[in-house]
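Contents: one structure, followed by commentary.
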Amino acid sequence: MTERKPLYILNGPNLNRLGRREPEIYGHHTLADVELWCREAAGEWPVIFRQTNSEEKLIEDVHEAIDEGAGILINPAAFTFTSLALLDALKMFKGPIIEFHISNVHRRESIYHKSLVSMTATAVMAGLGAAGYPHAVRALKLLVEEGKR
Ligand code: DHK
C-alpha cells in the first residue's frame with residue numbers, strides 16, 4: 001500500500017487563542033481540542049496541523065501542501081477577506097480545498113461577507129462551531145478519494 005499523502009489542516013490569525021477569544025462567537029474549545037478531533041476523524045490518514053498569525057507562514061504552509069499534500073482544510077480567519085496572495089497560492093494546489101469558518105460569516109458584519117478564498121475553494125463550511133472541524137476532515141477525505149478539485 002503506497003504511503004498516503006497527508007491532509008493539511010491550516011489555521012490563520014488569532015485562532016491560537018481559540019477558547020479565550022470571543023467565546024460567544026467562537027466557543028470555549030481550544031485549538032488543541034480541535035487538533036485532537038481532527039486527528040481522530042482522519043483515522044489512518046496522516047495529518048499536518050498548523051496555526052500561524054503570519055500571512056507569509058500561511059502561504060509557505062500552502063506551498064508545502066502543493067508539493068506534499070493530498071488535500072487542504074483551511075480556516076484562513078481574517079486573511080480570508082484580505083489576502084490575494086493566499087488566494088494565488090491556493091490556486092496552485094491540485095487537490096481539494098475546504099474553506100472552513102467556525103462562525104457563520106454570512107450572518108456577521110459585511111466585512112466578513114466577501115471571501116477571496118471561496119474563489120478557488122472546492123467547498124465552504126461555516127457556522128458549525130469548532131465541532132465542525134472533524135466533519136470537514138471526513139468530507140475532505142471523501143473529496144480526495146473522489147479526485148475532486
Ligand atoms: C475566524 C476569524 O478569525 C474571523 O476573522 C473570520 C473565522 C471568521 C471563523 O469563524 O472561524 O472571519
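The values are calculated or read from the model by the stated rules, or taken from the named source; none is laboratory data. All values reported here derive from a predicted model rather than from experimental measurement. Counting neighbours? That spans all protein chains shown, and the Cβs are built from the backbone with ideal geometry, glycine included. Only protein heavy atoms, including side chains, enter the accessible area calculation; ligands, DNA and RNA are left aside. Shrake-Rupley method; radii C 1.70, N 1.55, O 1.52, S 1.80 Å.
Of note:
- So Leu142, is it open to solvent by 10 Å² or more (accessible area, probe 1.4 Å), over 23 Å from Tyr26 (Cα atoms) and either of a type outside the set (Gly, Ala, Ser) or not in a strand (DSSP E or B) (or both): yes
- Apart from one condition, Ala78 fits all of (1) touching a residue at least 40 places away in the same chain (Cβ under 8 Å); (2) hydrophobic (A, V, I, L, M, F, W, C); (3) more than 9 Å from the ligand (Cβ to nearest atom); the exception is (3).
- Tallying residues that are open to solvent by 70 Å² or more (accessible area, probe 1.4 Å), outside any helix (DSSP H, G or I), within 16 Å of the ligand (Cβ to nearest atom) and among the basic types (Lys, Arg) within region 1-25 yields 1.
- Restricting region 42-86 to residues that are in a strand (DSSP E or B) and out of contact with any helix residue (DSSP H, G or I) (no Cβ under 6 Å at 6 or more places or on another chain), the residue that is most open to solvent (accessible area, probe 1.4 Å): Ile48
- Residue match in region 89-109 (condition: assigned to a helix (DSSP H, G or I), open to solvent by 40 Å² or more (accessible area, probe 1.4 Å) and within 9 Å of the ligand (Cβ to nearest atom)): no
- Residue within region 26-47 that is over 15 Å from the mean Cα position of the chain (by Cα), free of Cβ contacts under 8 Å to residues at least 12 places away in the same chain and within 12 Å of the ligand (Cβ to nearest atom) present: no
- Residue in region 113-125 that is in contact with an Asp or Glu (Cβ under 9 Å, 6 or more places away or on another chain), of a type in the set (A, V, I, L, M), modelled with pLDDT of 95 or more and within 24 Å of Glu24 (Cβ to Cβ) present: yes
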